[in-house]
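Contents: one structure, followed by commentary.
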Amino acid sequence: MPENPRERPLGIFGGTFDPVHFGHLRLAEEATDQLQLAGVRWIPAGRPLLREAPEVTARQRLTMVRLATAGNPSFDVDAGEVEADGPSYTVLTLERLRQASQFGRQRPLLLLLGADAFAALPSWYRWRSLLELAHIGVAHRPGFPIDAASLPAALAACYRERFCAQPADLRQAAAGCIATFAMTPLAISATQIRQLLARGSSPRYLLPDEVIAYIRHQNLYPEY
């Protein structure tokens, strides 16, 4: 009998995406492959609180993510945080997804994070509740796995307790496990791209051409 894709976890990938670039896209692609995901739902933040305010509007960042992901049938984009009235909290977004009929309480969801974001998890709003709502998948550099000893004490204990070595195990529950995967190193950052654009340099080959064309058409990230 063919496998039901809904039995595989769905990746949840949030961020400011200011702008979205190939590092983001590669993380989502490699997570899909290595963690055996059904796909990835991208959720641009509307009003993120743990960083400086994005340089462009939430609607513009949403449009850039839609342009960047349009060619991949495994990716879809959720505008829920952009359309929300209040600040963007990941735990509230996961609660919203769990209330949707297409997910409910049984569908495995997996929150995608980079290693730096994972290490800062205790600073997130209701961070312990995240694992009641989803698994967590953490990207790291090849040869440099997550070191529990380097994490804050509470997170280190959580990591040791909940670490899942086999991607297939993520299908056995809707939430609660922490998995890791090695991601191809790409020295690309949104800050770097904004700096290039601000001084009139080319960002080509750092982000999709469709996104570059939109940035230029909308005159985003102008010279300071």
**OP:** Note down all Cβ pairs under 9 Å where the first residue falls in region 117-144 and is at pLDDT below 95, the second is open to solvent by 30 Å² or more (accessible area, probe 1.4 Å) and part of a strand (DSSP E or B), and they're at least six residues apart or on different chains.
**Re:** Arg141/Ala182; Pro142/Ala182; Gly143/Ala182; Phe144/Ala182
Original post:
Right, Gly14: open to solvent by 20 Å² or more (accessible area, probe 1.4 Å) and under 15 Å from the mean Cα position of the chain (by Cα) or not?
Top reply: yes
Original post:
In region 195-209, how many residues are open to solvent by 30 Å² or more (accessible area, probe 1.4 Å) and either closer than 27 Å to Leu109 by Cβ or basic (Lys, Arg) (or both)?
Top reply: 2
**OP:** Restrict the check to region 106-120 and report whether at least one residue is exposed (fewer than 14 other Cβ atoms within 10 Å of the Cβ) and within 19 Å of Cys158 (Cβ to Cβ).
**Re:** yes
Original post:
Only one of Ile212, Ile188, Ile193 is touching a residue at least 40 places away in the same chain (Cβ under 8 Å), farther than 30 Å from Phe103 by Cβ and over 18 Å from the mean Cα position of the chain (by Cα); which?
Top reply: Ile193
**OP:** Kindly indicate the residue of region 53-75 that is touching a Gly at 6+ places or on another chain (Cβ under 7 Å) and at pLDDT 95 or above and also nearest to Asp209 (Cα to Cα) among those meeting that condition.
**Re:** Phe75
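Take region 148-166 and flag every residue that is open to solvent by less than 30 Å² (accessible area, probe 1.4 Å) and not hydroxyl-bearing (Ser, Thr, Tyr).
Going residue by residue through region 148-166, those that are open to solvent by less than 30 Å² (accessible area, probe 1.4 Å) are 148, 151, 155-156, 158-159, 164.
If the condition is that a residue be open to solvent by less than 30 Å² (accessible area, probe 1.4 Å) and not hydroxyl-bearing (Ser, Thr, Tyr), then Ala148, Leu151, Leu155, Ala156, Cys158, Cys164 are the ones that fit.
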**OP:** Kindly indicate whether any position in region 139-157 is in contact with a Gly (Cβ under 7 Å, 6 or more places away or on another chain) and closer than 21 Å to Gln36 by Cβ.
**Re:** yes
Original post:
Which one of Gly86, Gly46 is without any contact (Cβ under 8 Å) to a residue 40 or more places away in the chain and assigned to a loop (DSSP other than H, G, I, E, B)?
Top reply: Gly86
Original post:
Can you tell me which residue in region 43-101 is farthest from Ala198 (Cα to Cα), limited to those that are surrounded by 14 or more Cβ atoms within 10 Å (Cβ to Cβ) and basic (Lys, Arg)?
Top reply: Arg98
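For region 175-210, name all the residues that are β-branched (Val, Ile, Thr) and either touching a strand residue (DSSP E or B) at 6+ places or on another chain (Cβ under 8 Å) or closer than 30 Å to Phe163 by Cβ (or both). Can you show your working first?
At the first step, the residues of region 175-210 found to be β-branched (Val, Ile, Thr) are 178, 180, 184, 188, 191, 193.
Residues satisfying the conditions are Ile178, Thr180, Thr184, Ile188, Ile193.
Here is a check on your reading of the model: is Tyr125 within 18 Å of Pro44 (Cα to Cα), over 14 Å from the mean Cα position of the chain (by Cα), of a type in the set (Phe, Trp, Tyr) and open to solvent by 10 Å² or more (accessible area, probe 1.4 Å)?
On the way: within 18 Å of Pro44 (Cα to Cα): yes; over 14 Å from the mean Cα position of the chain (by Cα): yes; of a type in the set (Phe, Trp, Tyr): yes; open to solvent by 10 Å² or more (accessible area, probe 1.4 Å): yes.
For Tyr125, the condition - within 18 Å of Pro44 (Cα to Cα), over 14 Å from the mean Cα position of the chain (by Cα), of a type in the set (Phe, Trp, Tyr) and open to solvent by 10 Å² or more (accessible area, probe 1.4 Å) - is met.
The values are calculated or read from the model by the stated rules, or taken from the named source; none is laboratory data. If you're wondering where the values come from, they're calculated on a predicted model, not measured in any experiment. Here Cβ is always computed from backbone atoms with ideal geometry, including for glycine, and neighbour counts include all displayed protein chains. Surface areas here come from the heavy atoms of the whole protein model, side chains and all, with no ligands, DNA or RNA. Shrake-Rupley method; radii C 1.70, N 1.55, O 1.52, S 1.80 Å.
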